[in-house]
Amino acid sequence: MTKPNHGHDHNHDNQHDHDERNSDKPTDDALFPGDEPQAEDQPEVNTIETLEVDLQQANDRVLRAFAELDNYRKRVQREITDTRKYAAIDLMRDMLAVWDNMGRALEAVDCQTVESNHNPDTFVEGVRMMHEQFTQILSRHHCMRIEALGLAFDPNVHESIAQMPSDDVPAGSVLFESQIGFKLHDRVVRPTQVVISTGNPQSVNKHADDADQA
């Protein structure tokens, strides 16, 4: 009679228990709750990019603010410089009226001297010296005479008060100076009042006749 092979059964049971235990043991590929594969960290990347854009925009605003501040500072500095540079312009206008009267007095005395054939007296010489000194003082403070006689009329520095024909002065040029003008630095204190030449009267009449015939 063959004996039951209990050892084989026992080994079979042990193998069965071992397989059950191994089936309960998590493998390396098994995942625990919360260990699911995460998608790319897209929200975090977007946040970094947004911060970088905000930082660049903030830098641009700061640079623009500095540029505007620098422009404002330069503009104020120019205004201060101009204010100082032309601060005496009203005073110069008032002083020029005195300068004009002194010049007119000297012209009147010169005319009388020529007519009477007398030498000017000491008083007249004193006035002439004062007039010359006055002119020097104006020049020293950058208040310079505006030249006009014989030059082409310039509306920026000349003021036309009349027109006259002339054989010697071409049309459009200054024939006479009625009142001398001055500039303080590059700003006109007052323009030179002038009479403008209309050119040779015969040429003017010829052009007029040609126009009538046309």
His118, sole failed condition from (1) at pLDDT below 80; (2) farther than 24 Å from Ile180 by Cα; (3) in a helix (DSSP H, G or I): (3)
Meets criteria (exposed (fewer than 10 other Cβ atoms within 10 Å of the Cβ) and modelled with pLDDT of 80 or more) for Thr50: no
Out of Arg93, Arg75, sole residue that is at pLDDT below 85, part of a helix (DSSP H, G or I), surrounded by 10 or more Cβ atoms within 10 Å (Cβ to Cβ) and not assigned by TED's automatic domain parsing to the domain that holds Gly181: Arg93
Index of the failed condition, Val45 passing every other in (1) modelled with pLDDT of 80 or more; (2) surrounded by 10 or more Cβ atoms within 10 Å (Cβ to Cβ): (1)
Residue match in the range 157-168 (condition: surrounded by 17 or more Cβ atoms within 10 Å (Cβ to Cβ) and farther than 30 Å from Leu138 by Cα): yes
Pairs where the first residue, in the range 86-100, is touching a residue at least 40 places away in the same chain (Cβ under 8 Å) and the second is in a loop (DSSP other than H, G, I, E, B) and surrounded by fewer than 15 Cβ atoms within 10 Å (Cβ to Cβ), C-beta under 8 Å, 6+ apart: Tyr86/His185; Ala88/His141; Met92/His141
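The values are calculated or read from the model by the stated rules, or taken from the named source; none is laboratory data. A quick note: this is a predicted structure, and the numbers were derived from the prediction, not measured. All Cβ positions, even for glycine, are placed from backbone atoms using ideal geometry, and neighbour counts span all protein chains on display.
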